[in-house]
Amino acid sequence: MPAQGQLAGRVALVTGASRGIGRAIAETFAREGARVVICGRRQEALEEVARGNDALIPIACHVGRAADIQALIERTEREAGAIDIVVNNAATNIQQGPCLDIEEGQFDKMVSVNLKSALRVIGRVAPKMRSRGRGSIINIASVAGLKPQFESLLYSMTKAALIMMTRSYAQELGPSGVRVNAIAPGLIETALSEFFWKHPDRSREFLGRQPIKHLGQPQEIADVALLLASDQSSYLTGQVIVVDGGLLLC
Ligand SMILES: NC(=O)c1ccc[n+]([C@@H]2O[C@H](COP(=O)([O-])OP(=O)(O)OC[C@H]3O[C@@H](n4cnc5c(N)ncnc54)[C@H](OP(=O)(O)O)[C@@H]3O)[C@@H](O)[C@H]2O)c1
């Protein structure tokens, strides 16, 4: 039976999809009829996610390595077909502390994993999207890219740059039918952010300030990613959708 749903027949690539927000996005796209290549550094973790879901194709890839990205895209095209949707989601935060303590090696690693990865993926996928006249690229940024996160210069800086990368690509690729948008999540309950929510006192203090009184869930980001991936957002490009429970209002 042919796939049904908002993304029926589409091929998507989601980086950082072995857990958290990326996994929720990949599973949502698959539910809506897409074939979805999921990437992360560990093949076993990806296979665990894909078990029992034929629409998910697990391919290990370290997004900080150019050769891995090249191989990921070649395999995706070979095994799933031309890529219609890309979600640049994989990211890390290896440096928490004062700006004056930052080392150059940390700077290079954060730029490579959080930012250059998106440049490399888009550089390889967008020309083909452009020649086919359609595509949706979604970059997962952060509210930290709009307002500095305390003692997180490198994370905030890479997310701010990703937002400007989003707008620049959107301007250039729009005439060819390729849309490029970003999502800026606030606090979402995942492994990456557990410092901010795992301790009950810190979580309570945080929710005390935030207008919406629950911790954000990966599915609440996936639902917005689905809108950006689908034709429901055909007039939407170059935007940063803030999904933060109203946090930036405070
Ligand atoms: N959680 C939040 O509160 C929050 C807020 C704002 C923005 N975000 C953004 O949302 C995105 C997803 O974050 P998350 O909270 O879902 O994080 P997470 O639960 O830690 O998941 C991160 C994913 O990225 C993969 N990954 C990490 N480094 C990688 C690398 N070098 N190459 C390939 N894959 C890599 C991880 O798999 P492996 O470890 O197996 O490689 C995992 O699948 C990130 O861009 C993050 O900055 C999160």
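Key figures
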quantity	calculated
Residues of region 26-48 that turn out to be more than 9 Å from the ligand (Cβ to nearest atom) and in contact with a helix residue (DSSP H, G or I) (Cβ under 6 Å, 6 or more places away or on another chain), as a count	3
Index of the failed condition, residue 7 passing every other in (1) near the ligand (Cβ under 9 Å from one of its atoms); (2) part of a loop (DSSP other than H, G, I, E, B); (3) crowded, with 22+ Cβ neighbours inside 10 Å; (4) not acidic (Asp, Glu)	(1)
Filtered residue count, region 86-126, keeping only those that are β-branched (Val, Ile, Thr) and either touching a Phe, Trp or Tyr at 6+ places or on another chain (Cβ under 7 Å) or assigned to a helix (DSSP H, G or I) (or both)	5
Residue match in region 72-80 (condition: touching a Ser or Thr at 6+ places or on another chain (Cβ under 8 Å) and either of a type in the set (S, T, N, Q) or crowded, with 17+ Cβ neighbours inside 10 Å (or both))	no
Where a residue in region 190-216 is among the basic types (Lys, Arg) and its partner, wherever it lies, is surrounded by 10 or more Cβ atoms within 10 Å (Cβ to Cβ) and part of a helix (DSSP H, G or I), with Cβ under 9 Å and at least six apart	202/195; 202/196; 209/247; 213/207
Long-range neighbours under 6 Å by Cβ, at least six apart or interchain, first residue closer than 11 Å to residue 39 by Cα and in contact (Cβ under 8 Å) with a residue 12 or more places away in the chain within region 62-74, second within 13 Å of the ligand (Cβ to nearest atom) and assigned to a loop (DSSP other than H, G, I, E, B)	62/41; 63/15; 63/90; 72/39; 72/59; 72/61
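Coordinate-derived values only; no laboratory data. Source: prediction; values computed, not measured. Note that each Cβ is placed from the backbone with ideal geometry, even for glycine, and that neighbours are counted across all protein chains shown.
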